[in-house]
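The values are calculated or read from the model by the stated rules, or taken from the named source; none is laboratory data. The structure presented is a predicted model; accordingly, all values stated were derived computationally and were not measured. For neighbour counting, all protein chains shown are included, and Cβ atoms are generated from backbone atoms with ideal geometry for every residue, glycine included.
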Amino acid sequence: MSDVNRVVAAAKDCGAPCRSMGHAYVDGVCRDCKQQDSVTPVLTPSYEPYYSDGTVTIYHGDCRDVLPTLSNVGLIVTSPPYNLGRSLDDTPTEVTHNRGRPWGGTLRFVDGYAEHSDDMPIADYRRWQLDTLRACWAALNDTGAIFYNHKPRVQRGRVLLPTAFVPDEAILRQVIIWDRIEKGMAFVPQAYNTGHEWILLLAKPAFRLKSRSASAASDIWRIRPERDGRGHPCPFPLGIPAMAIQTAEFSGSVLDPFMGSGTTLRAAKDAGVSAVGIEISERYCEIAAQRMGQEVLAI
């Protein structure tokens, strides 16, 4: 690890109501009045932060291990690896690449993301996503919601929808369409070019939007893909977590269990909201930590 703002001071500003009194907390409990912090997730001491600055905390590890230690999460905005290195017939993508793309087009990201190869057997990948979303759902508070970005994949004449990864206990409230504005990367005779992705809104019954104008944002979000990867092969655009944070009514922290280069955390920090990121790659943890140190200049 480098020394970029490594792990945090022992105490930092507490959540309401303690913050207004200038109190501080340690491990989620107010040091002065012993009240449980109502804003920051409660963490067991088993995981030390890779980075923290009082607003954002980053954990280097497998999200399936870290998620059970979190609670009081208000909003989860995430986009997992899509398993693009494996075709729906469970063969490596590079084997079917030339067979299925006679009209050309490039297939990026088949080499994976740092420590993750992105070519899991389909059954294993589905189980991984189900387990992760199940743990995310358990970490939400009673008014929380998950914005889960994934995409329909058409291969070999059939489609795999992101709803296949939603566990039974989670409540699918709505499917939001992310209109990428630009065309997709593949052109095949079996299907139309894909110019959109899905954002599944999994919401607790008490989840609400902030206002009428928030609802007017509609279920189609027109946002261009991110061009500055910051060392990550496929970051999603800042506009997606920013839109979720701006329109959702929530208490507690924002969480991204597949943090990558820290886009969700950056959006939360820009909005003045506490955030937690989990990432299995130390290289991406370092990129995100550097990104959190970049202050936004007021215009």
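Below are the figures for this structure:
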{"read-out": "Verdict on VAL273 being within 24 Å of ALA145 (Cβ to Cβ), surrounded by 21 or more Cβ atoms within 10 Å (Cβ to Cβ) and modelled with pLDDT of 95 or more", "value": "no"}
{"read-out": "The listed residue being surrounded by fewer than 14 Cβ atoms within 10 Å (Cβ to Cβ) and either charged (D, E, K, R) or assigned by TED's automatic domain parsing to the domain that holds ALA242 (or both), out of GLU197, GLU169", "value": "GLU169"}
{"read-out": "Filtered residues of region 226-246 (kept if at pLDDT 90 or above and crowded, with 16+ Cβ neighbours inside 10 Å)", "value": "PRO237, LEU238, GLY239, ILE240, PRO241, ALA242, MET243, ALA244, ILE245"}
{"read-out": "Looking only at region 70-89, and only at residues there that are of a type in the set (Ser, Thr, Tyr) and modelled with pLDDT of 95 or more, the one that is nearest to the chain's Cα centre (by Cα)", "value": "THR78"}
{"read-out": "Some residue of region 100-118 being at pLDDT 70 or above, surrounded by 15 or more Cβ atoms within 10 Å (Cβ to Cβ) and closer than 24 Å to GLN190 by Cα", "value": "no"}
{"read-out": "Flag if SER218 is modelled with pLDDT of 95 or more, within 16 Å of the chain's Cα centre (by Cα) and assigned by TED's automatic domain parsing to the domain that holds ASP62", "value": "no"}
{"read-out": "Pairs, first in the same structural domain as SER218 (by TED's automatic domain parsing) and more than 11 Å from ALA145 (Cβ to Cβ) in region 245-256, second at pLDDT 95 or above and among the basic types (Lys, Arg), C-beta under 8 Å, six or more apart", "value": "GLN246/LYS210"}
